[in-house]
1. Rounded to a whole number, what % of the accessible area of the chain do carbon and sulfur atoms account for, probe 1.4 Å?
2. Which pairs break 21 Å Cα to Cα here: K48/K103; K11/K48; K11/K103?
3. For I33 and N119 in the same chain, what is the full-extension length gain: residue separation times 0.36 nm, less their Cα-Cα distance, in nm?
4. Can you check how the C-alpha radius of gyration of the chain compares to 2.2 N^0.38 Å, as a plain ratio?
Amino acid sequence: GWSPLFNFKVKYIFDRDNRNISNPKDDYIGRSILLFGQVTVQPTNELKVFLGYEYSHWSEDGRNGSDAAGYFPARTQRHTARAGFTYAFGGVLAGYTVEYFHKNLLRDPEGGYYNMIWNVWRAKGTVEVAW
């Protein structure tokens, strides 16, 4: 039947880099969180269809700069939606995935940096053969 399979992932990363111990202002601290969920259904023995969403957030203190100018933070958020399928025929597995992601990179304008925004559609087709 169409019994759904649910996949979830949560990931947290803390990264500290004491680049220059003699200068406490030159210290990078990064925090990242990723949340992911996907549902997959298999309407036939050969066909699997999936739909998923991923959210990630990076918070970086001291990401850009120099001793003379100072160090500035950055924040990044990304939303990704994906859909696709795989089809198995004998020893051949064909798949297709389409994704859309929206990403914001927010940086401190005092450091001479500007914000960036991405809106990207991408697709990937694969064929695997076993013999």
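1. 59 percent
2. Too far apart for the 21 Å limit: K48/K103; K11/K48.
3. Numbers: separation 86, 0.36 × 86 = 30.96 nm, distance 2.05 nm.
Here the answer is 28.9 nm.
4. So the chain has a normalised radius of gyration of 1.49.
The values are calculated or read from the model by the stated rules, or taken from the named source; none is laboratory data. What you see is a predicted model; the values in this text were computed from it and never measured. Heavy atoms of the whole protein, side chains included, go into the accessibility calculation; ligands, DNA and RNA do not. Shrake-Rupley method; radii C 1.70, N 1.55, O 1.52, S 1.80 Å.
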